[in-house]
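To keep things clear, I will list the structure first and then write my remarks on it.
What follows is calculated from the coordinates using simple rules that are stated; it is not laboratory data. In this text, all values refer to a predicted model and were calculated from it rather than measured experimentally.
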Amino acid sequence: MSKIKTFLSVHLSQRVTSNIANVIEKMAARSNAYNWSKPENLHVAVNFVGEIVDREVPEFCQTVKKFVQPFKPFELSLCGVKAFPSNEQPRTIYTAVDEGTEALVHMNRELTKMIQDWGFNKDKNQFVPHVTLGRLRRGQRPDDAIGESLHRLRNHDSGFCNVDAVVVNSSYMDTTGPTYTPMATIKL
């Protein structure tokens, strides 16, 4: 019996992914203090579930399907490059969801109830819809180049796309970074 680290996400169009990948490429050229996201890993996480026992994955996916089906497809846009916890202390660099925030927050709230019924996701942090671009490497400090990039890209428009599905993903970490694999794609 093995456990699978699992999260729920919505995926981006190829055009939006390319726009964000270009931003990451430019920022990575200016700073190597961060682990930058690979284009194939770009997504908006809706919920972090936790570790699910492999034999429970089909039942979990069916439960997610029941909760997701009432949601209608919606448009999502991404604008601005920012940082958590703040632009002055940039540990995680991200691009923010602009249009579609309400739909994602509502989806997160409803799916969190379902996930908690499964005994997962006890995290009470406020949900901020975003796409992670990079995370500060352990032992590194943010440099001036990142501060300048955050200022320059604060209004960057990464585009928009239609969201018509929620993806149940597995996450595996190795020496090259995370690998995300879809276990189920559930249409809205």
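A few remarks follow.
- The C-alpha atoms of the chain define a longest principal axis, and helix 101-117 lies at about 50 degrees to it.
- For region 1-60 and region 98-170, distance of Cα centres in Å: 10 Å
- Cα-Cα over 20 Å, subset of Lys65/Lys187; Lys26/Lys82; Lys38/Lys187; Lys3/Lys72: Lys38/Lys187; Lys3/Lys72
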